[in-house]
Structures are given as structure tokens and as C-alpha cells.
Amino acid sequence: MRRARHRAPRRSWWLVAAGVVLIAAGASVAYRIVGFLRHSSTTSHALVRGFETGVAAAPRTRGPSPPLGAACPRVAPGATGRARMLLDIPALHEIAPVLEGTANATLAVAVGHLASSPWPGAGGNTVLDAHDVTFFRSIDELHRGDQILLVGPCSTWRYRISASSVVGQGRPVPAGAGAHVVLVTCWPTDALFYTTQRFVVVARLSTVEATRAVLPVPTPLPTVTAALPPALGALHLDATRAGIPLGTLSLDGRYEARWLSSSRPLQASDAATHLLEATIVVARAHDASSWAVMAPGVPLAAIAPLAGQLTWLAPVHVTIVGSRTRVTGAVLESVVAIGGSPRRLVVEARVVAHEMEIGRVLVGAA
């Protein structure tokens, strides 16, 4: 989409630029994948529920709803255990809590508000950051005219998308004159690695209305963890730290929109990469007992070629297989050098009772 032609005030340019930079700082740690967002959906759900419970339980008032920041008769914004507001993107069926700040701990459980940008109601451009493989995974599918709502305890700000673009990290993005909300995430949105480009969505404020109804909170989504014996689980496996290059995350199957925009795809990828790193550890230790837990029915000999020195010739691409809100398996693919010869490595996993275990390992000609 084209950028808005109106020249934005200089202050607004740099606020958006700051948001494009800050999300990179969080990515340097968060995109290690391992351990990231294990509690994200549970905490996010609790934040949304806490916000809505406070709004629903507080006494109603007549007349215009005061702006956020004024004395709100319903619930104090940012109260402990509650989100400051909710981000609602109807086209993506996304409802996410919004917290102040863009630190790793914040972006792990919510959409982060850039502290140097104003909150809605104060004028100017409100900048919101989130990680691409979580809340903002699908924002590149939004179109001009789609709605974005920021729901406060008393007021709801309704925006319509006016532009979107891919920009370099730290590049100023003019949003145009007037009040806007700007969403910023990493690009591409399927990357499991650090990126230097950002996807930016700009939406112009159209209306402000009283917050009347409590948004529906969907039931919690099922989780998937790696089937690891306690000894391996205690190692705090980290694929990036172990030198395993991560590529992209793909999805095979028809999923519900709320699952696609949740942390569950990343959690499934987390489980799969845990299994891959654990496979190499087990192969080098010839640990038959651990392998029996991780890969029931798969002979230890299947991973014998991985016991020696490995050189990664290509990033590991992860494909999650499933349907609606459930993951049924995963496939990890890469090319490694074993004894100086390139080999294609494929690890296939299946999910049994919410645990992901290895079903087959293939090491063949590249």
C-alpha cells in the first residue's frame, strides 16, 4: 500500500521509528525460541480476562465515556493483573492484551505500547509492538479499510487501516496528520531468526465510542510440549545457543484464526526444535533410555550418523501439521555435512496426548 501523502509532525515520525528499533532489541533474545512464550497464552488469557472482569464488575455510568487517562468510574487502567487496554483486530479474530513497554517480558505475553508514544485520546500516533510469530503473525494479511480497535476501560477507539509497508529497522515511518495507531513487527512474519526488516501497519482514527460490551474470551487453546526425559529437560535446551540455524516456520493444515494469531504455532516449533537438539545430544551419548522416551519404537541406530561432527549447511525449516486448534505433528528439514559429505536431514514428529515425540529420522543423500 502507498504511504499517506500528508506530512506527519516530526515528533510522530521519530516515535514510530523508535518502535521499529525497539522491537529488534526484544527479538535478539525472544527469537531463540526455546522457552519463549511457554506461559504466554495462559498469561495473555488471564490479562484479557482480568481486564474484562474489572470492566464488567464496575458500576455503569450514564453520559459520555471519559477518555483514557481521565477519572474512569469502572476500573483503573493498568491495574495489577489487568491489561492497560485490549487490541481487537476483527479481520484476524485477534484479541490481545496491551501492556506498557516493549521489554522481552512484556512482548512474551502481550502487545507492547511504546512508552514514548501517546496512548489513545492524547493525540498523535500510538505505536504498538509485538513479535511476528505471535500476536502479529498475520497482520500482513490485513487490507486497507480493515478495522483495528483499542478497547479501554471506558472508551473504545476505532481505527481503519490506511497503509502498510516493509521498512528497514529504525527507518522513520510517516503516519500522516491526525491520530493513528501503528502496528510494528518483524518481517518476514514466518521467520524463526533475527531479521532487520519490519512490517508496519498504519491505521487512522475514525470514531471514539463508549466501551459497552465485554469482548468474548475464547476457551484456552491446547498446548504441546516435547517428550523429553527429566535429565534432558533440565538442560534448558536452546537450539540457537547450540549453533543450530533456524529457518522459517510453515503450517500444514486448516487452522482457526485465533490459533494462527496465538503463541501456539511458536510453542509447537519450540517443542520440535527441542526434540531436534535433544536428538543430537542423545546420538552423541548413545543414550538408549532417553531415546526410548523421545522416540518410542524408533531404533537408536537411526540417529547413529548424527553422533559425529555436524556442520549445518542450511537453516532448519519447521513445518507444523495439524487442524483447527490442534497440532498432530511436525517435520524438520535441513542439510548437514557428515564426514565432509552433504546429507539431507529430516525429522518427523507426532503428537500423543499433548506431547510431541519423534516418529522417524531420515539421513540421506542431499
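The values are calculated or read from the model by the stated rules, or taken from the named source; none is laboratory data. Just so you know, these numbers come straight off a predicted model, no measurement behind them. For neighbour counting, all protein chains shown are included, and Cβ atoms are generated from backbone atoms with ideal geometry for every residue, glycine included.
Only strands (runs of 3 or more DSSP E) whose full extent lies in the stretch 144-187 are considered here, and the ones with at least 2 residues that are among the basic types (Lys, Arg) are 155-168. Of all the listed residues (330, 292, 337, 302), the sole one being in contact with a Leu (Cβ under 9 Å, 6 or more places away or on another chain) and surrounded by 21 or more Cβ atoms within 10 Å (Cβ to Cβ) is 330. For the stretch 120-152, a residue qualifies if it is more than 28 Å from residue 264 (Cα to Cα) and either crowded, with 20+ Cβ neighbours inside 10 Å or under 21 Å from the mean Cα position of the chain (by Cα) (or both), and the qualifying residues are 120, 125. Based on this model, can you work out whether residue 292 counts as modelled with pLDDT of 95 or more, in a helix (DSSP H, G or I) and farther than 26 Å from residue 187 by Cα? It is true that residue 292 is modelled with pLDDT of 95 or more, in a helix (DSSP H, G or I) and farther than 26 Å from residue 187 by Cα.
Looking across the stretch 110-119 at every residue that is surrounded by 18 or more Cβ atoms within 10 Å (Cβ to Cβ) and either in contact with an Asp or Glu (Cβ under 8 Å, 6 or more places away or on another chain) or small (Gly, Ala, Ser) (or both), the one that is nearest to residue 91 (Cα to Cα) is identified as 111. From 253, 297, grab the single residue that is surrounded by fewer than 19 Cβ atoms within 10 Å (Cβ to Cβ), at pLDDT 90 or above, assigned by TED's automatic domain parsing to the domain that holds residue 229 and closer than 15 Å to residue 348 by Cα. Unique residue meeting the criteria: 297. Counted as qualifying within the stretch 298-366 are the strands (runs of 3 or more DSSP E) with 2 or more residues that are touching a residue at least 24 places away in the same chain (Cβ under 8 Å) and within 28 Å of the chain's Cα centre (by Cα), namely 316-323, 326-338, 341-352, 355-365.
Within the stretch 267-287, residues that are touching a residue at least 12 places away in the same chain (Cβ under 8 Å) and within 28 Å of residue 108 (Cα to Cα) sit with their Cβ atoms under 8 Å from residues that are part of a helix (DSSP H, G or I) and among the small types (Gly, Ala, Ser), at 6+ positions apart or across chains, in these pairs: 267/40; 267/41; 278/290. The set of residues from the stretch 323-335 being of a type outside the set (Lys, Arg) and modelled with pLDDT under 95 comprises 323, 325. Just for the stretch 188-200: of the residues that are more than 12 Å from the chain's Cα centre (by Cα) and not in a strand (DSSP E or B), which one is surrounded by the most Cβ atoms within 10 Å (Cβ to Cβ)? The residue in question is 195.
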